[in-house]
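These notes concern the structure reproduced below.
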Amino acid sequence: MRGAGDLVARMQMSKGMRIEEAKAYVAKKLLVGIEDLTDPVIMNEVRTDLGIGVMTPLPGFPKGIEAKFNIAKVLDIDINCVKGFIARTS
């Protein structure tokens, strides 16, 4: 979670994207340049602003399932644990 590698990998696995396509998709959704995806300082700010989880969570900021909800929304994808959580609470 220092960069966006987890998000890029998620797009590769969930949508079958090649790495360059996944990087471009994630960068577009996060509103950063592709080169910024590996910058830990920039990505920490982006992750904090979007509530998509950081390496060292701060009090009051999203973590766990809440961060996954935000990831699903930001990347416009389905995440199984999010769908399962919604199904159990409905």
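Overview of results
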{"read-out": "Prolate/oblate/rounded label for region 5-89 (Cα gyration tensor, a/c 1.5)", "value": "oblate"}
{"read-out": "Above-threshold pairs, the threshold being 18 Å between Cα atoms, out of K28/K83; K23/K83; K29/K73; K29/K68", "value": "K28/K83; K23/K83"}
{"read-out": "Cα centre as origin, Lys/Arg/Asp/Glu Cβ charges: region 1-48 dipole, Debye", "value": "240"}
{"read-out": "Estimated FRET transfer efficiency when R0 is 30 angstrom, pair D6-S90 (beta carbons, to 0.05)", "value": "0.60"}
{"read-out": "Ranking of R2, R88, R18, R10 by count of other Cβ atoms within 10 Å, fewest first", "value": "R88, R18, R2, R10"}
{"read-out": "Among L58, L50, L30, residue whose mean-square fluctuation peaks in a GNM of the chain (springs only between Cα atoms under 10 Å)", "value": "L58"}
{"read-out": "Mean residue ellipticity (222 nm) of the chain, computed from DSSP H runs ≥ 4 via -39,500 (n - 2.57), nearest 500", "value": "-18500 deg cm²/dmol"}
{"read-out": "Nearest-20 debye value, region 5-89 charge dipole, Cβ charges on Lys, Arg, Asp, Glu", "value": "440"}
{"read-out": "Efficiency of FRET between C81 and T48 - r from beta-carbon atoms, R0 25 angstrom, step 0.05", "value": "0.70"}
{"read-out": "Simple label model, 7 Å out from Cα along Cβ direction - T38 to K15, nm", "value": "2.1"}
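No value in this document is a laboratory result; all are computed from the given coordinates. Given the structure is predicted, the values throughout are model-derived calculations rather than measurements. Backbone-built Cβ (ideal geometry, glycine too); neighbour counts: all protein chains shown.
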